[in-house]
Each structure stands twice: as structure tokens, then as C-alpha cells.
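The values are calculated or read from the model by the stated rules, or taken from the named source; none is laboratory data. Keep in mind the model is a prediction, meaning the values are calculated, not measured. Neighbour counts are summed over all protein chains in view; Cβ atoms, including those assigned to glycine, are modelled from backbone coordinates with ideal geometry. Heads up: the accessible areas ignore ligands, DNA and RNA and are worked out on the full protein's heavy atoms, side chains in. Shrake-Rupley method; radii C 1.70, N 1.55, O 1.52, S 1.80 Å.
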Amino acid sequence: MAHQTEVSHHAPEEEHPTSTGINNRKLLMWVFLSSDCLFFGSLIATYMVYRGQSLVGPYPVDIIDVPITTISTFVLLCSSFAMVRALAATNEDRQGGIIFWLLMTAFLGTIFIGFQVYEFNLFREEGLRIDTNLFGTTFFTLTGFHGAHVTLGIVWLLGLAWIARKGRLGPKTALDVELAGLYWHFVDIVWIVIFTLIYLIGGFDTGPAGDPSLVPHSITGFLGLI
Amino acid sequence: MATLTDVIDRPSSQSGLWSWITTVDHKRIGVLYGVTAFIFLLLGGLEAGVIRLQLAVPDNTLVDPDTFNQMFTMHGTTMIFLVIMPLSASFFNFVIPLAIGARDVAFPRLNAFSYWVFLFGGLLLNASFLTNQAPDAGWFSYANLTEKPFSANQGLDYWALGLQVLGVSSLAAAFNFVVTIVNMRAPGMSLMRMPLFVWMTLVTSILLVLAFPVITVGLIELTFDRNFGTNFFVPEGGGDPILWQHLFWVFGHPEVYILILPAMGIVSEVLPTFSRKPLFGYPVVVFSGVVIGIMGWAVWSHHMFTVGLGPVAVSVFMITTMLIAVPTGVKIFNWIGTLWGGQIDLKTAMLFALGFVALFIVGGLSGVSHAVAPSDNQQQDTYYIVAHIHYVLFGGALFGIFAGVYYWFPKLTGKLLHEGLGKLHFWLYFIGMNVTFFPMHYLGLN
Amino acid sequence: MSSDHGVHESRHPTLKQYVIIAIFLFAITIVEFVIILPEDFRGQGWTIAPLAILSAIKFAAVIFFYMHLKFDNRLLTWVFLGGLALGFAVVMALVGLFTAWTPSPRAFAEDHAKPCTLDHELGGCLEDPSKAVVAPTPGPAPAPDDPGTAPAAAPAVPAGGGLVDTGRQIFITGAGEGAATPCVTCHMVEGVPEAVGLLGPDLSHIGTEAATRQPGVSAEDYLAQSIRDPESFIAEGVDRATPGLMLAAITAGLTDEDVDALVAFLMAQQ
């Protein structure tokens, strides 16, 4: 059993070349992200299937506020930029830069979560709860799980900043930052999809009481144009 | 993470209970998986026994209706998630690093994590018995039977959370094996030189990685419906119970191949060994496995022909389902081609492998018969389906796994299992299985 | 799959490239916002294609540059795009299965909903519900070789004459423009095998109950008013009497004669 100890105490930089040349942990991260595509895919599918199916209001058109969410989308895009700066600083071994940009990314992520908390609260006050109608059910579940992903990312970034405090992040351990970055950017692209679907396209949906032909359906619209 | 290993030192007992609890060695974790799964196999068998005893005579009152529902729900759930999947995982753990020339899996600690989460999930699921509130809506737990008004006790919460935990375990293990097989092969072990079992493990792991998130979402929605008043599967709120069936089977059909592909891999190792011949048409067997893995995603609605999907959808899924029989049939011909002209040595492992091929043909043929939607309309929810699922999962997956047990046991322990007892085991299984399930074909169609 | 690559340093874009991409992402988001700015454009079907395409471009910019797939091992691109494509396919397949690509999922569901006429002898639905509806009206005993019609004839239809029978038919099949959702969809009445709905109140004994519901309002008026405008009275202590569920639009297509017939039928439900 002596060899076990060796394996688990391997530092990444000493790792043997792999069959594909890709680091094991990096491959693991990408396989995980691939899997997460199906997770968000299923949630999005639920949202799409139930679009415009709410029996009672409030409907999206009554409460969705696109301008506010556009701002929080900007904030998340900014955080992605901060994240690539953090990785660049790590590769160049600029210790101050590493901590600054990691904390900046986490800070911007927190702002985004703040917007989400504000929005959820506002919706609750305006009468949309998770059990009100299908829109509430699918909206809170989809955006809530995205928010949970962001929160996890913030915790991860703060953990990295804590480690960086002692100067333990640098070119040799850049992978630690790179993996957090991959996760963070993934959360960002999921938001790109959610923002387009729920806010820009679905944000003006009315209920079934209105003329059903006014309820746009993404697929027909898309196919109709092609 | 290098920084983490400095903080947490792994205890390194070499023997005793503590060494088993703290082990990250792939062979030991394989043994842990195997032993745990065998205990669950006994439990699931016991539940099956209760079901059969209750049905032995008309108007039996051995168990009350509620308990009966709990028995068949837990029997199905246990056999699929706590027996066949972990038994396959046991072989993945034990065999894969040895077969590809790696010292261990890519992430040994993650591997240990998978096992302990699996154990916890299995115990959580079965803890429902302690409160006499075992899940009782079938292993597929169709909405809206699972909604609070129809299943008021905690049973389905145990079910949803238990499967969620088991999903975490399966996903962690699948990530691990994808990375291990893609990245940790010894120099010279190109993909097309990998043993068949390794190939099937790779396909199975990829299916797990992609299929489990779908049921995760389904279970989340079910849990929310039951506890937070959401309307996902509640018609009164505009929801559609059919969505649960779709989410369940989008996961559920790849899951079927997750159960059978490892057994196919094992059989593809055992048959050549005891025929003294290399596997007939190795690349074809590999590609048919990969094709099954891909096409397995396009057939899920054949579980739902009777819900009224409309003629277009039904026709599409009917055709894809019939097509997927082709790569499966190709494998069977390859196995027969391997046997052809070989020096067949009927050791116990070989008997189980041959039993697998024979019984899987029966199960496969009845499978094609309900790929045809009009005929499926007659068979849905009858004993005919029960016969089919047991021919492919008992006669198929479990026979394949037993072939693997007899085949690799000497590698694990240095001892051969007793041939006489092994043959007795095989014949009891083979005859018992056919006597139990073959008549169900007739019961279902009558 | 070649093992001769060895470990290679993954290249990263320069700072300048990162800044350009950030500005690019911002610009696209602004364009998206501008597209839906005019009131007339909001929620219009044609906005979907440009919005989807712009988002896809943002998506690609992030994964290929910020996540540097462009500079990394090609295998990683396949790993991720594989999951992404499968996820996309699952979404499309489910949306297609639920809506058959029609503009309104609800309209599709209603068009395809077949009212189920329960067959109490055989279980399941009758092949042709119209048979069961028409059969009891003429009166002759159903042919013994046609078990489908038997249960419908069995319940004791009060001999209220033509009006009750007409009301019964409207109750089961609907009338006028509301024909898509007849009363039986949501209401159950004992003795009417088609009436198995569980969304609204049970109307099995409404003939007696209606008289006591609203002081000063006769049973007939109470029923007629409740059909015309379902929100008029919300009876207390009645199961499944949910405000807002029975929309006035459902009964808007009924003529005065239709309502009279329905009231006569409901009054017969003692």
C-alpha cells in the first residue's frame, strides 16, 4: 500500500505526462462543466415547456424589469474580465494583483447576488412566489440554482484569495486559479443564456387570458425567420 | 490540491478496520463496493421474496397493500441503484487501473468519496423502513402519484433525497473514470488497444456524466413540489405530470445502458478467454457499444407510447428504438462468432457468460416487440414488461456481473471459487430465473 | 490522442485581447438591450432570432477566449461542446414534444385534449364518446352487443323532458364557442359517467344546494347567474370552489336558451 501515499501527495507540477497531455484536474473540470450543461439544460427545458402556461398572474410582463437585470448582467460580465486578470496575474506571479483581482471577482459576484436578492424580494412583494404560478415556479428554480452556482463560485474565489495571502499562488499553481476561472466563466455563460431567454425574450409574456397569438414562442419565431 | 494535502494528512493504517475506512486504494474500494452491493442484493432479494409470497395464493394477506407497494418500489430502486450500478462500479474500481496500466484512478480521494456517499445514500433510502414510510410509488415514481395529496407521508422525500445522494456518488465516480481512462493509460495503450471492458466502462461513465443531471433536475422539481408548493407536476396549477415522465426517461433510458454495458464488457472479456480465441471483430464490438451509447439518447419516449404523444413523436421513437436493436444484435453475433470454432471450456464464469448471451437474446427480442407502438399499447404495464426487464437486467446485467465475479475473483484473492458450487449456483439461477419469468410473457399477453 | 504531446503550457490571450473581448461583450449586450427598447418590438416573434444569435456569439466569445478553449487541447472543446449539444438537443426535443412547434402550447394542448368518456364496465375510455352522449336521448334500450353505450343509459335521468336532456348534452359536450371546454372537464355529477372532472366543485346535488346558497336569490337565478358570470358568488365551505379558475370566457359562447337548458339539467340533480 506504500504507493498510495505517493499518489495522493503528488503536487500538480510533478505530475507525470498524461495520455492526452491534458492535466487530470483540468479534464475533470471540463467533464464536470459538460455535465452541468445537461443540468441547466433540463431546468431551461422545464422553463420553456411551461412558458406562457401560468393560469394566474403575475405574468412576466407584469413584473420583469429588464433594465435592472441588464445592469446586473454587466456586473457579471465585468467579473469574468476580473477573473481573467486574476489568472494573468497568477501566471506572471504578481502577488498583489492575484489577491486584488480574485477579491474583485468575488466582489462583483456578490453584487450580482445582491441584485438577485433585491429582485426576488421585489417579486415576492408584488405577489410572485415560487408557488404562485408556473412562471414563479420555473423562474425561481432556474435563476435560484444559477444564483447557488454563483455563490459557490464566490466561496471558492475567497478560499483562493485566502491561500494567496501567504504567497502560495503563482505560476506553478496557476491551475488552481485557472479551474476556478473555468467554473466562474461557465456560470457567466449560463447567465447569458438565462438573461436572453427569461428576460429579453420571455420577459414580455402575457398570461393565457390575453390573446394567445401574442404569446411569442421562441421556436416558431426562430424557424419563421430562417 | 497541493495546499490541501499539507493541511489534512491522510491516516495511513495498513490493516484493521481503520485501514478500510480510510483507504483510497482502488482495489480496496472495489471490494467495499462489491461487499456493500451484495448486502443490498440480499435485501432486494428479500423484498422480491415478499412480493412473490404475497402473490403466491389469491386473496393473500401476508402484507397489507401499503407494504406491498413499498416492497415493489424498494425492490426496483434497490436492485437498480444499490445493486447493479455499484456492482459494476466495483469492477470499474478493481479492474480499470490494472487493465490500462495506471497505478490508481486519477483521483483516489474522490473515489473514496464516491463510495462513502453511495453507502450513505443507500442507508438513507433504506432508513425509510425504520419509520415505516418507505417509498411506495414504483421505482419510476410517476407524477402525480408522488405529489403530496396522493403520497402524504415522507416516503417519497426519502426516495428523492436518497437518489439525489446516490446521483452525487455516481457522478463523482463517473468523472473519475472518464479522466482515468482518457488520461491515465500506459504508454502504447491507444484507445483501440484498450480491453473491451475498459471501453464499455468509458461509454458507461460518459452516459452517467450526461444522464444524471437530468434526473437531478427531475428530483429537485419533485422535492420542490412536495415541500415548497411549486407546480411542476401539478395539473391544478397548470403543470404537466407528463414532464416528470420525460425527465425520468431522458435519464432512464441511458440508465438502462449504464446497467447493461458493463455486463456486456465483462462478457466480452470472459467469452474469448474460455474459447481460447481472440474476440471476433473487436473494432465492431467497440463501435457498436459507442453507437448504443449515442443512440440511447434518442429513444426515451418508447417508455411513454401510451400517454398520447401524437403519431409523429410515436413514429420517430418507434423507429429509433428499432434501430438501436441493430448495434445490440451486432454484439450478439460477435459473441457467437467468438465462440465459433473455439475450444470452449465450460468453467462457471463461461457458463454465466453464455447464460447472459442466451437470456439477453430473449430479453432483447421481447424488447423489439414493444418497440412497436401498437403492440406496446397491449403490453404496457403488464407482466410482459416485467418479464422483459428481468430478462435484460437479471438474465442480462446480473449474469454478466456474476461471470465477472467468477472470472476476477482469483485475481482479487489468489483463490479460485469452488467449481462445483459455482455450477450449482449457475444452474439454480438459470433454471429459477426462467421458471419465474418466462411464464410472465404469457401472463402479460393474456 | 497522441501521447507524444507531453505536458504543454496552454497559451493565454494577451491583456489587450482580453480588453477587446470585454468591450465586445459589453457592446453586444447593449445591442440586445436596444433591440427590445421600443415598446412595439417587445415580445415580438422576430426579435427572437437576433437575440438568440447575439447571445450565441457572446457565449462563444467567453468559452473560446476567457475559457481559452481556442488555445487549449482540442479534446476539451469536444468534451464541452458534446455536453452542450446534447443539452441543447434535449431542450429542443422536449419543447417540440410539448408544443409540436405551434405558437401557443396551450392551444396545442387544448386542440389535442380528448375528453375521456369513462366506461365503467370495461374501464378506460370509450372509443367514441359521441355515441354514449347521443344514445340515451332517443330512449330505446342499447343493443346488448354494444357495451359502450350501456353505462351511459343506466343512470336514472329524471323525466324532465327535452330541456333537461338538452342541458345534459350541453353539460357533456359544450355548446357555442365554448365547446372546447365543456362543463364535464371540471365538474363531476354522480350518474353522468362523462362528468368526472375534479377541478371545480362537485355538482351532484346542486339542485337542492342551490336554493340555500344565497339568501334572497332563487335556485334558478343563482345557477343562471353563476353560469353567466362564475365570479358572482363564491360559495363558502364548498370543496374546490376556487376564485379565478372558471373564467367568464368559458361560458361566454352560451345563448340564453343554452343557459336555460343547463339550469334545468342542474336543477334535476337533486
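Identify, from the list B:GLY404, B:GLY396, B:GLY355, the residue that is at pLDDT 95 or above, within 30 Å of B:THR320 (Cα to Cα) and either part of a helix (DSSP H, G or I) or of a type in the set (A, V, I, L, M) (or both). Before the answer, list the steps.
Values: B:GLY404 fails: within 30 Å of B:THR320 (Cα to Cα); B:GLY396 fails: at pLDDT 95 or above.
When all the criteria are applied, what remains is B:GLY355.
Given the conditions (1) at pLDDT 90 or above; (2) more than 7 Å from every other protein chain (Cβ to nearest Cβ), report the number of the one that A:ILE44 does not fulfil.
The single condition A:ILE44 does not satisfy is (2).
Tell me which residues, restricted to segment B:105-135, are open to solvent by less than 40 Å² (accessible area, probe 1.4 Å) and not in a helix (DSSP H, G or I).
B:VAL105, B:ALA106, B:PHE107, B:SER128, B:ALA134, B:PRO135
Which one of these is without any contact (Cβ under 8 Å) to a residue 40 or more places away in the chain and part of a helix (DSSP H, G or I): A:ALA106, A:ALA86, A:ALA45?
On the way: A:ALA106 fails: without any contact (Cβ under 8 Å) to a residue 40 or more places away in the chain; A:ALA86 fails: without any contact (Cβ under 8 Å) to a residue 40 or more places away in the chain.
Answer to the selection: A:ALA45.
Looking at B:MET85, is it in the same structural domain as B:HIS26 (by TED's automatic domain parsing), open to solvent by 30 Å² or more (accessible area, probe 1.4 Å) and within 13 Å of the chain's Cα centre (by Cα)?
no
Collect the residues in segment B:360-394 that are surrounded by 24 or more Cβ atoms within 10 Å (Cβ to Cβ) and within 18 Å of B:VAL270 (Cα to Cα), keeping them in residue-number order.
B:PHE360
Yes or no, residue by residue, for (1) in contact (Cβ under 8 Å) with a residue 24 or more places away in the chain; (2) open to solvent by 10 Å² or more (accessible area, probe 1.4 Å); (3) within 22 Å of C:VAL62 (Cα to Cα); (4) assigned to a helix (DSSP H, G or I):
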| position | (1), (2), (3), (4) |
| --- | --- |
| A:LEU128 | yes, no, no, no |
| A:GLY153 | yes, no, yes, yes |
| A:TRP162 | no, yes, no, yes |
| A:ILE189 | no, no, yes, yes |
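Which of the residues belonging to segment B:131-156 are within 19 Å of B:PHE81 (Cβ to Cβ) and among the acidic types (Asp, Glu)?
Within segment B:131-156, just B:ASP136 meets the criteria.
May I ask you to list the residues in segment B:306-326 that are under 20 Å from B:ILE389 (Cβ atoms) and either touching a His at 6+ places or on another chain (Cβ under 6 Å) or away from every other protein chain (no Cβ under 13 Å) (or both)? Give the derivation first.
Filtering segment B:306-326 down to residues under 20 Å from B:ILE389 (Cβ atoms) leaves B:306-307, B:317-318, B:320-322, B:324-325.
Across segment B:306-326, the qualifying residues are B:PHE317, B:MET318, B:THR321, B:MET322, B:ILE324, B:ALA325.
Within segment C:16-46, count every residue that is more than 7 Å from chain A (Cβ to nearest Cβ) and touching a residue at least 12 places away in the same chain (Cβ under 8 Å). Show your work before the answer.
Step one: of segment C:16-46, the residues more than 7 Å from chain A (Cβ to nearest Cβ) are C:16-17, C:19-21, C:23-24, C:27-28, C:30-31, C:34-35, C:37-41.
Now narrow it down to the ones that are touching a residue at least 12 places away in the same chain (Cβ under 8 Å): C:17, C:21, C:24, C:28, C:31, C:35.
So the count comes out to 6.
Of everything in segment A:76-99, what is open to solvent by 10 Å² or more (accessible area, probe 1.4 Å) and within 11 Å of another protein chain (Cβ to nearest Cβ)? Give them in sequence order.
Residues of segment A:76-99 that are open to solvent by 10 Å² or more (accessible area, probe 1.4 Å), as a first pass: A:78, A:81, A:85, A:87-88, A:91-97, A:99.
Those that are open to solvent by 10 Å² or more (accessible area, probe 1.4 Å) and within 11 Å of another protein chain (Cβ to nearest Cβ): A:CYS78, A:PHE81, A:ARG85, A:LEU87, A:ALA88, A:ASN91, A:GLU92.
Return the residues of segment B:173-198 that are assigned to a loop (DSSP other than H, G, I, E, B), at the interface with another protein chain (Cβ under 7 Å from one of its Cβ atoms) and either in contact with a Gly (Cβ under 6 Å, 6 or more places away or on another chain) or open to solvent by less than 40 Å² (accessible area, probe 1.4 Å) (or both); say none if nothing qualifies.
Going through segment B:173-198, the residues assigned to a loop (DSSP other than H, G, I, E, B) turn out to be B:184-190, B:194-195.
If we keep only those that are at the interface with another protein chain (Cβ under 7 Å from one of its Cβ atoms) as well, we get B:184-185, B:187, B:190.
Across segment B:173-198, the qualifying residue is only B:ARG185.
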